[in-house]
Amino acid sequence: MEVVTMEDRRKELASLLRQMEAHPERDWSAEKARANVLREMLGRPEGAND
């Protein structure tokens, strides 16, 4: 199993935001939901599971 780091999450979020900005005409509903999850995860200290 591969460990996912906070840096991986930051990179994923940045990638999603770039894609959404580059193509605002698309339906980004699922990606927006994922971005919100990533933002929430990044707002917590690493290792926090509650």
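Remark: Val4 matches the filter, which requires a residue to be under 13 Å from the mean Cα position of the chain (by Cα) and modelled with pLDDT under 95. Looking across region 1-16, the residues that are open to solvent by 70 Å² or more (accessible area, probe 1.4 Å), free of Cβ contacts under 8 Å to residues at least 24 places away in the same chain and assigned to a helix (DSSP H, G or I) come down to Glu7, Lys11.
The values are calculated or read from the model by the stated rules, or taken from the named source; none is laboratory data. This one's a predicted model, so the numbers in the text were calculated from it and none came from an experiment. Cβ coordinates were reconstructed from backbone atoms using ideal geometry, including for glycine residues, and neighbour counts include every protein chain displayed. Accessible surface areas use protein heavy atoms only, side chains included; no ligands, DNA or RNA. Shrake-Rupley method; radii C 1.70, N 1.55, O 1.52, S 1.80 Å.
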